[in-house]
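Heads up, the thing below is written out as structure tokens.
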Amino acid sequence: MLPLIKTSIPPRNILMPRLEEVLYSGYVAQGEIVEEFERKFEDFIGGGNTLSLNSGTAALHIALILAGVQEGDEVISTAMTAEPTNVAIKMVGAKIRWADIDYETGNISAAAIQNVINEKTKAIIVVDYAGTGVDVKGIQEISQQYNIPVIEDAAHALGTTYNGKKAGTHFPFTVFSFQAIKHLTTIDGGALQIQDKQLYEKGKLIRWFGLDKKLSRLDNDIHFQGYKYHMNNVNAAIGLVQLETIDELLQKYRLIGKYLDLHLSDLFGVETVKHYPNTESSYWLYTLKVDRRDDFVKMMTENGFMASEIHKRNDLHSYLNDHPAKMPNLDRFYSRLVHIPCGWWVTVEDCEKMIQLIKKGW
Ligand SMILES: *Cc1c(COP(=O)(O)O)cnc(C)c1O
């Protein structure tokens, strides 16, 4: 069965010497290799400061703290995402306020955000679902108009661009995940891309118990809550090797994604995702909207192609549904949503087979 997701690990002869070097170096904690990974990741993104972490969830948590979100505040978010996006909001004691999506893209709608802003709103989280770029322009305008910071959850969107600039350069905070199934895996890991240098320095303290690594323990004075969220040299060493070929890897996702866009967009019975102007997707997942989804999934899987909606809309989790909301676009999107294989392990021949199967109907 052709899977929906597949981990890309560098060849043994390239990865193993680098991994062994760090494992037996006598220093596996957070050190120079982590530093090197951060600076190389900054180069790759092309703007902002990289705070490497042990997960994308940690990045969301720190972003919310740096954005000043506190207990009793509200954060506007989307239900069309993986759970970490919204579980993190609860970690700071805030309440989730849902905004509906744009049916065509699956991403949070700028107009819907504006409709639910109130005096308790302290931050807005936007998610590039499946890698589809968010409405950067519309969201930036609202953020400026109401002076509310935006956190972009780009866990699916490494290399997604708007006006040729990568996710990580558009908003004060951008979250990346290097978890097992993401484009770039360090096995587990994450990063927060922070535009403001001072907030970046504060983020470093939050990452490490509130302690300043530049000072000796005795000269340190913890004066706010910190966590143990750092990346270590072993994960960073894997990340550095991954970064060396990330452009080629992302290109493969994009090639297959665009091929499917081209050949599926006019077919009867399926709708492809539309993209906001001047955005380019990372195609972490390939999204279709289909009639009679269960029959579609059965037809695809019987023919050797995995197909699934993968995510559960987050307002169906009772703990996350702080403010139940009517979201007609999400209702329609979610009832028709299905993902089909797209990525470095998918060939053009695989695409042709899928296209023929879909043409035949289900
Ligand atoms: C994977 C993921 C995260 C966080 O990932 P970690 O597993 O904590 O690294 C956050 N948001 C979304 C949308 C994700 O898919």
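The values are calculated or read from the model by the stated rules, or taken from the named source; none is laboratory data. All values derive from a computational prediction rather than experimental measurement. Cβ atoms come from the backbone with ideal geometry, glycine included; neighbour counts cover every protein chain shown. With ligands, DNA and RNA removed, areas are computed over all heavy atoms of the protein, side chains included. Shrake-Rupley method; radii C 1.70, N 1.55, O 1.52, S 1.80 Å.
For a quick check of your reading: which helices (runs of 4 or more DSSP H) sit entirely within segment 176-269 and have at least 2 residues that are more than 30 Å from Lys359 (Cα to Cα) and open to solvent by 60 Å² or more (accessible area, probe 1.4 Å)?
In segment 176-269, 197-207, 246-264 are the helices (runs of 4 or more DSSP H) which contain 2 or more residues that are more than 30 Å from Lys359 (Cα to Cα) and open to solvent by 60 Å² or more (accessible area, probe 1.4 Å).
Could you say whether any residue in segment 68-79 is open to solvent by 50 Å² or more (accessible area, probe 1.4 Å) and either in contact with a Lys or Arg (Cβ under 8 Å, 6 or more places away or on another chain) or in contact (Cβ under 8 Å) with a residue 24 or more places away in the chain (or both)?
yes
Six or more apart or on different chains, Cβ under 8 Å: which pairs go from a residue in segment 114-128 that's in contact (Cβ under 8 Å) with a residue 24 or more places away in the chain to one that's of a type in the set (Asp, Glu) and within 16 Å of the ligand (Cβ to nearest atom)? Could you list them?
As it stands, the answer is Ile125/Glu152; Ile125/Asp153; Val126/Glu152; Val126/Asp153; Val127/Glu152; Val127/Asp153; Asp128/Glu152; Asp128/Asp153, since those pairs meet every condition given.
Return the residues of segment 309-360 that are under 21 Å from Asp295 (Cβ atoms), open to solvent by 30 Å² or more (accessible area, probe 1.4 Å) and not in a loop (DSSP other than H, G, I, E, B); say none if nothing qualifies.
Correct list: Asp331, Arg332, Tyr334, Ser335, Arg336, Lys353, Gln356, Lys359, Lys360.
Let me spell it out: the conditions are (1) under 25 Å from Ala29 (Cβ atoms); (2) away from the ligand (no atom under 11 Å from the Cβ); (3) of a type in the set (S, T, N, Q), and Asn147 meets all of them except one. Which number is the exception?
Answer for Asn147: the failing condition is (1).
Suppose we filter segment 147-165 for residues that are assigned to a strand (DSSP E or B) and surrounded by fewer than 24 Cβ atoms within 10 Å (Cβ to Cβ); how many remain?
Residues meeting the conditions: 3.
Please give the number of the condition Phe296 fails out of (1) more than 18 Å from Asp128 (Cβ to Cβ); (2) surrounded by fewer than 17 Cβ atoms within 10 Å (Cβ to Cβ); (3) in contact (Cβ under 8 Å) with a residue 40 or more places away in the chain.
(2)
If Pro328 meets every condition in (1) farther than 18 Å from Leu2 by Cβ; (2) in contact with a Phe, Trp or Tyr (Cβ under 7 Å, 6 or more places away or on another chain) apart from one, which number is that one?
(2)
Out of segment 166-175, which residues are assigned to a loop (DSSP other than H, G, I, E, B) and either away from the ligand (no atom under 16 Å from the Cβ) or more than 10 Å from the chain's Cα centre (by Cα) (or both)?
Gly168, Thr169, His170, Phe171, Pro172
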